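Here's the structure, in structure tokens; my notes come after.
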Amino acid sequence: MSTDTSTAPSALPEPQALPEPGSRGSLQVAERVVVAIARAAAMEVTGVATTTQNKSASKAAGLGSQISDQLTSAVGRTLPRASAQVAGHRARITLEVALVWPHPAAQVAQQVREHVTTRLAQLAAVETDAVTVTISAVVRDQRATATRRVQ
């Protein structure tokens, strides 16, 4: 009587390699995070005034707090404001901003839309279906309207 010493196929499946770490799990971005990124991105666009400008950053940019003070007195609330409707990795963003005079409104609004779309994709892997920008206030840039003295 002989016994078969050959290896029989195993009932266990072959071990499979694990997928790359970047493809394991999932990412869920909270609505408030999307709102915070959209608001911060809007503040990065030249021509958008904020009521929360960092005083040292404003001084470095030559702005001081004049624009911030004007905006607070003009609208009585913090701008830019943002809201979002998020579904999975897609979002619709609504922004309310103040424009620094004499920047062109249409151009600044377009730059805000583009920059918010780019930053959400870069920082949160969120695609935007729409970015609606409302310019609710215009404040003067005192540097642009200051009178020069002849020396």
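Read-outs throughout are calculated quantities, based only on the coordinates presented, and are distinct from any laboratory measurement. All values reported here derive from a predicted model rather than from experimental measurement. Glycine also receives a Cβ, built like all others from the backbone with ideal geometry; neighbour counts cover every protein chain displayed.
With θ set to phi - 60° and the Karplus curve 6.51 cos²θ - 1.76 cosθ + 1.60, what are the ³J(HN,Hα) couplings of the range 101-113 in order, to the nearest whole Hz, using x for Gly and Pro?
Karplus-based 3J(HN,Hα) across the range 101-113 equals 5, x, 5, x, 4, 4, 5, 5, 4, 5, 5, 4, 4 Hz.
Calculated FRET efficiency, Glu44 and Gln107, Cβ-Cβ r, R0 22 Å, to nearest 0.05? The partial results should precede the final answer.
Details: r = 15 Å, r/R0 = 0.69.
Approximately 0.90, to the nearest 0.05.
Counting only the backbone N, which residues of the range 15-37 are under 18 Å from the spot 7 Å out from the Cα of Leu123 toward its beta-carbon?
Correct set: 28-37.
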